Each structure stands twice: as C-alpha cells, then as structure tokens.
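The values are calculated or read from the model by the stated rules, or taken from the named source; none is laboratory data. Just so it is clear, the model here is predicted, and its values are computed rather than measured. Cβ placement follows ideal geometry from the backbone for every residue including glycine, while neighbour counts extend to all protein chains displayed.
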Amino acid sequence: MNKLRLTTCISCLTLLAACTTVDDSVGPQSGDALVGNTNPMNPQTGFPNRMDDNRPNPGQRFDMMVGTCSPNTRLGLCRECGPNGLPRTAVDDNNCPPFNCGGLNQYEKVIEDDYVTCYQTMGQPRLNGRCIEPGQCATEEEYCEGVTRVAIDRALIDPCNEMQGCTGTEPPVYNPLAEGTPCNRSGTCENNRLGGTECSVFVPSACRFGMSRNAKFFCEAGEEFGMDFCEFFVEVPGGGRTVCEDFCGELGMTICDQNNAEACCWNNANANDCEHLQGISCRGTPCDNHPDGCTDMICRCYIPDEDDPQ
C-alpha cells in the first residue's frame, strides 16, 4: 500500500513539473522575461509575431507590417518607409515606366458656325502615381483613365484677329492686325474693347464670302421666305459678266422663286455700297439683254436647309 502511494505521488510531481514548463514557455511571468521580446502581440492569436515572418497577418494592411525602418527612405520598387518607421506602398516611383495617357497637348482647330474653337486632347490619369503595390508598377491601362477632348479657346472668326497655331503640339496664339488694315474687301480693322482689333464688316461663315472672287463686298445676312440668306455686291473682275443664278450656285446656294414675285436680284445704284436701284431677272438676259448677264449687280443667295446653321 505504501509503495503504491509513493508511485502515485511521483507521477503527480512529474505532471506538475511538465505543466510548469509549458506555462513558462507561453509568456513572461516577470519583468525580466520582457528583455529581447520586441515583437508586438498578435491580437488574433495572443502570441508575439515571429521575428522572421515578414508577411502580414490575414486582414492586416501592408503599412501595419512588423518591423522598423528609417522614415522617409526608399526600400525598393514602389516600397518606402513611412514617417512612422513602418514600410508602406509608395505612391510613385521613377523606376516605373512613363505614361502618356493618350497624347497629351495635342491641339485641333475646328470651325463651328461663326466661331473657331481650339480643342486640346488630354489624357486623364486615374491614379495619383504609378505604383499599385510593393514591388509592382501600374500598367498604362491601370494608370490612365482615358482620353478627353477639351475646348481651351474660342473666338469669333475675324480676319483682323485670326487664331493661329492650335495644331499638333502648338497652342493657339493671336497676332491682331494694325488698326486701319483693310478687311473683308470693304471694311477696315478697328480697335476693340479687348485690346485687339476686329473688322468693321462682319461676314457670317455660312455666307462663304471667301469662296467667290466675283463678290466685290458683302452686304447683309438675314431671313426671308423661311430661309436664311446672304446678300452680295457682285462685280466680275476684268469687266466680265454673270447672272445671280450662276453666282449663287457657285457658292452652293440658291436664288428665290421669281415665278412667285419674289425679288432677290437688283441693279446696284453705285459702285460703293449695296443700295438697290431696281429689280432685275436673276437668270437669262438681265442687263441690256446681254446673254452673259451683268458686269455688276446685287445678288441675294439663300442657304439650303441642309446647310442652314440654325
């Protein structure tokens, strides 16, 4: 009986010693045991992180990784040390390839009604920098959001202040003509309130004034018979002759319906302005029964509906 008790006691002591050994390995029991233990506790397991484990725990961000570094230093491609001494993903890295984002600073000049507009084709970055994670640069598709076309300048079409440039990589510029310079065949350049010059005679772009050498000068534009019209003083250089029907046709326009007593062609009262003298025929033999037409006259041309800017 005594021998059995002795054996039981020895077994209990052995078990107690084993339990004490396991408890000592779980965690420090005194302040001395904290020496050398610099790893923070893992809130998920209750144990310190391993010194050799540089990987983040599940659900843990990269900038919370274990370890210290010199603040604001580069640690590698797209990796840097933050101000708190912890590694993090860099926003940008000069070792990443440069991205164009679809042709920055490409200019295009477009005529829109009576205005000339300068457009700039621009690429819009989607990211603040070229890094997406430690050790990895973004691709051009990831970095660039896409190409946008933006109007950067718009001006009324005027021969005294023409928009120049706005092509390729050249931005728009203006070089106003001097005051008093002839413009639009019957006007002069005048100073405007913007510090530049503008022509005293404005010609809507839809009138296509520059397309005809027979138009001595522009008279007016307006609306009649439900159509927009442009009126010109017509004088064929060198004493030649024409009729209003042919003149308007050369501009891609039409004449009014004279069969319905619509007047759109006149003799001119003098050689200096658009004063009407009397109505004439727009076709056939309008001037002294001459088969080739008139040497000078007033023609009103109508803009076809498909070309009507309104």
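With the condition kept exactly as written, say whether any residue in segment 146-168 is touching a Leu at 6+ places or on another chain (Cβ under 6 Å), under 30 Å from ALA90 (Cβ atoms) and either of a type in the set (Phe, Trp, Tyr) or not in a loop (DSSP other than H, G, I, E, B) (or both). Before you say what the answer is, go through the steps one by one.
Of all residues in segment 146-168, those touching a Leu at 6+ places or on another chain (Cβ under 6 Å) come to 160.
Still in the running and under 30 Å from ALA90 (Cβ atoms): none.
Checked against the condition, which is being touching a Leu at 6+ places or on another chain (Cβ under 6 Å), under 30 Å from ALA90 (Cβ atoms) and either of a type in the set (Phe, Trp, Tyr) or not in a loop (DSSP other than H, G, I, E, B) (or both), segment 146-168 yields no hits at all.
Kindly provide the set of residues from segment 163-200 that are closer than 24 Å to PHE229 by Cα and either of a type in the set (Asp, Glu) or assigned by TED's automatic domain parsing to the domain that holds PHE217 (or both), ordered by number.
Matches in segment 163-200: GLU198 only.
Can you list the strands (runs of 3 or more DSSP E) lying wholly within segment 213-310 that have 3 or more residues being buried (at least 21 other Cβ atoms within 10 Å of the Cβ) and in contact (Cβ under 8 Å) with a residue 40 or more places away in the chain?
227-235, 296-302
Considering only residues that are in contact with a strand residue (DSSP E or B) (Cβ under 7 Å, 6 or more places away or on another chain) and at pLDDT below 95, which ones fall in segment 229-240?
Hit for segment 229-240 is VAL236, nothing else.
Evaluate segment 107-125: report whether one residue or more is touching a residue at least 40 places away in the same chain (Cβ under 8 Å) and closer than 30 Å to CYS78 by Cα.
No; the residues of segment 107-125 include none that is touching a residue at least 40 places away in the same chain (Cβ under 8 Å) and closer than 30 Å to CYS78 by Cα.
With respect to LEU177, determine if the residue is in contact (Cβ under 8 Å) with a residue 40 or more places away in the chain, out of contact with any helix residue (DSSP H, G or I) (no Cβ under 9 Å at 6 or more places or on another chain) and of a type in the set (A, V, I, L, M).
Judged against the criteria, LEU177 is not a match.
For segment 96-134, what are the residues that are farther than 29 Å from GLY168 by Cα and assigned to a loop (DSSP other than H, G, I, E, B)?
Result: PRO134, single match.
So which residues in segment 71-93 are surrounded by fewer than 17 Cβ atoms within 10 Å (Cβ to Cβ), assigned to a strand (DSSP E or B) and not aliphatic (A, V, I, L, M), if there are any at all?
ARG74, GLY76
Taking the condition touching a residue at least 12 places away in the same chain (Cβ under 8 Å), in a strand (DSSP E or B) and either more than 22 Å from GLY76 (Cβ to Cβ) or not β-branched (Val, Ile, Thr) (or both), does GLU142 pass?
Criteria not met by GLU142.
Of the residues GLY180, GLY146, which single one is at pLDDT below 95 and small (Gly, Ala, Ser)?
One residue alone meets the criteria, GLY146.
Can you find, within segment 107-135, the residue that is modelled with the highest pLDDT among those that are polar (S, T, N, Q) and surrounded by fewer than 15 Cβ atoms within 10 Å (Cβ to Cβ)?
Going through the qualifying residues, I end up with ASN128.
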